[in-house]
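Below: one structure, written as structure tokens.
The values are calculated or read from the model by the stated rules, or taken from the named source; none is laboratory data. Everything numeric here is computed off the predicted structure, so don't read it as measured data. Note that we place each Cβ from the backbone using ideal geometry, even for glycine, and neighbour counts take in every protein chain shown. Accessible surface is based on the protein model in full, side chains and every heavy atom, while ligands, DNA and RNA are left aside. Shrake-Rupley method; radii C 1.70, N 1.55, O 1.52, S 1.80 Å.
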Amino acid sequence: MRRVRYYAYGGPEVLTVEDVEQPVPHAGQVLLRTEAVGVNFVDTRFRRGPGSGSIFQRPLPGRPTGDVVGTVMQTGPGVDPRLTGRRVAALAEDTYADFVIAEARWLANVPDSLDPGDASTLAMSAPVALRILRAAPLNRGDTVLIHAAAGGIGHLAVQLAKLLGAGIVIGTAGSSDKLDFIRTVGADFAVDYAQADWPDQVRAVAPDGVDVVLDAVGGPVLRSSLDLLAPFGRAVVYGAANGELEQIPVGKLFALRSVTGFNLTAWRHANPGQARHEMDEIANLFEARQLRTTVHASLPLSQAAIAHEIIESRSHTGRILLLAAASMPAM
Ligand SMILES: NC(=O)c1ccc[n+]([C@@H]2O[C@H](COP(=O)([O-])OP(=O)(O)OC[C@H]3O[C@@H](n4cnc5c(N)ncnc54)[C@H](OP(=O)(O)O)[C@@H]3O)[C@@H](O)[C@H]2O)c1
């Protein structure tokens, strides 16, 4: 089978397509035949290695993670064999491959009606988008500021904020195409945070401050966002795209503001029942056509390097997919 790994840190060209034996599932695991893989920003950072920022360090060889959608072909010891043949989604390692090993306990059920793009968000992107809103927590009528709102998680968070009853949703992004896109997925206002006066633009539409901020950018964006919080405003920090963790001055919290952190792995450990329930909840929203994923590009598995180039160019809106040969549209 084909698999993509990297053996040195560097640009997208270090991604190497190789021919290897199909892996075997161990205890608690399943073997999936890949249909599609959602490519995530974080793997472009891991691939760059030292220099990407202190939070993005991973050992070699690089085994790209991703949001795989596929069919269970084989179950390992201790796993219900009736899972065989089921269409599922999983967040796993070594996912840019024709066959992928995943943990059975964190498989998301994928209804047949879901296309690969929607299905690719069930294990990670959409559960993160939903949980960061609930972690805030978002209350009905709240004004919400969502950074990097055109991205894989961001464009789902905009839609979910509206579904959960947000009042005004403000999305930020770094280009005019992305700002147009953010509006099409439901944001009331779109602000270019590459412009120095972006906080003033947010204040213009939310003069009393924002109730909720979702941030995975960090640095000056996070610092300015804390100043934009209304009394009792809540910021949820779930990443730092710029690679370094920001220090939060405690003094900023005295103005009745709070900051919560979120990480999917920690959440799954802390509340596995609710974490699993939310994957089903999201599948139902997709089935009911209340939520939709925008796929920016679908590429063959062998073009993983192009997928990484697109993400690093910061030009993508929504999701980038790698498709296994059988899922590629006929030419
Ligand atoms: N806590 C968790 O459990 C968890 C799980 C998965 C992902 N994450 C984090 O969630 C965030 C979104 O993930 P995603 O896969 O959906 O990515 P994405 O939003 O599709 O891509 C990242 C976006 O971040 C923006 N950005 C801001 N500052 C940047 C910088 N210095 N360098 C590069 N991009 C920058 C860019 O959008 P603009 O061009 O519009 O600025 C870029 O397109 C990431 O920070 C990721 O690490 C957290």
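Okay, residues lined up against (1) open to solvent by 10 Å² or more (accessible area, probe 1.4 Å); (2) touching a residue at least 24 places away in the same chain (Cβ under 8 Å):
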site	(1), (2)
Val144	no, yes
Ala157	no, yes
Val191	no, no
Val210	no, yes
Val217	yes, yes
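Selection over segment 137-157 of residues that are in a loop (DSSP other than H, G, I, E, B) and either of a type in the set (Gly, Ala, Ser) or out of contact with any helix residue (DSSP H, G or I) (no Cβ under 9 Å at 6 or more places or on another chain) (or both) gives a count of 9.
Taking the listed residues Val79, Val4, the one that is assigned to a strand (DSSP E or B), touching a residue at least 40 places away in the same chain (Cβ under 8 Å) and of a type outside the set (D, E, K, R) is Val4, with no other qualifying. Among residues that are of a type outside the set (Ser, Thr, Tyr) and within 16 Å of Ala255 (Cβ to Cβ), Asp215 is not included.
Of all the listed residues (Leu160, Leu122, Leu130, Leu222), the sole one being of a type in the set (A, V, I, L, M, F, W, C), more than 10 Å from the ligand (Cβ to nearest atom) and assigned to a loop (DSSP other than H, G, I, E, B) is Leu122. When Ile182 is tested against (1) exposed (fewer than 13 other Cβ atoms within 10 Å of the Cβ); (2) in a helix (DSSP H, G or I), just one condition goes unmet, and that condition is (1). Summed over segment 45-57, residues that are open to solvent by less than 80 Å² (accessible area, probe 1.4 Å) and either under 18 Å from the mean Cα position of the chain (by Cα) or over 8 Å from Tyr9 (Cβ atoms) (or both) total 8.
Only residues that are part of a strand (DSSP E or B), among the hydrophobic types (A, V, I, L, M, F, W, C) and closer than 30 Å to Ser113 by Cβ were counted in segment 252-305, giving 3. The condition (being over 16 Å from Met124 (Cβ atoms), open to solvent by less than 40 Å² (accessible area, probe 1.4 Å), of a type in the set (Ser, Thr, Tyr) and modelled with pLDDT of 95 or more) is satisfied by just one residue among Ser313, Ser225, Ser298: Ser225. Contact map, segment 266-280: residues that are under 11 Å from Arg105 (Cβ atoms) paired with residues that are surrounded by 13 or more Cβ atoms within 10 Å (Cβ to Cβ) and of a type in the set (Gly, Ala, Ser), Cβ distance under 7 Å, separation 6+ or inter-chain. Pairs shown: Arg268/Ala275.
Pairing each residue of segment 235-258 that is touching a residue at least 40 places away in the same chain (Cβ under 8 Å) with any residue that is basic (Lys, Arg) and open to solvent by 40 Å² or more (accessible area, probe 1.4 Å), provided the two are 6+ apart or on different chains, yields C-beta distances under 7 Å for Gly243/Arg45.
In segment 27-44, the qualifying residues are those that are open to solvent by 40 Å² or more (accessible area, probe 1.4 Å) and within 16 Å of the ligand (Cβ to nearest atom), and the one that is farthest from Ala148 (Cα to Cα) is Val42. For Pro64, state whether it is assigned to a loop (DSSP other than H, G, I, E, B) and crowded, with 18+ Cβ neighbours inside 10 Å. Yes: the conditions hold for Pro64.
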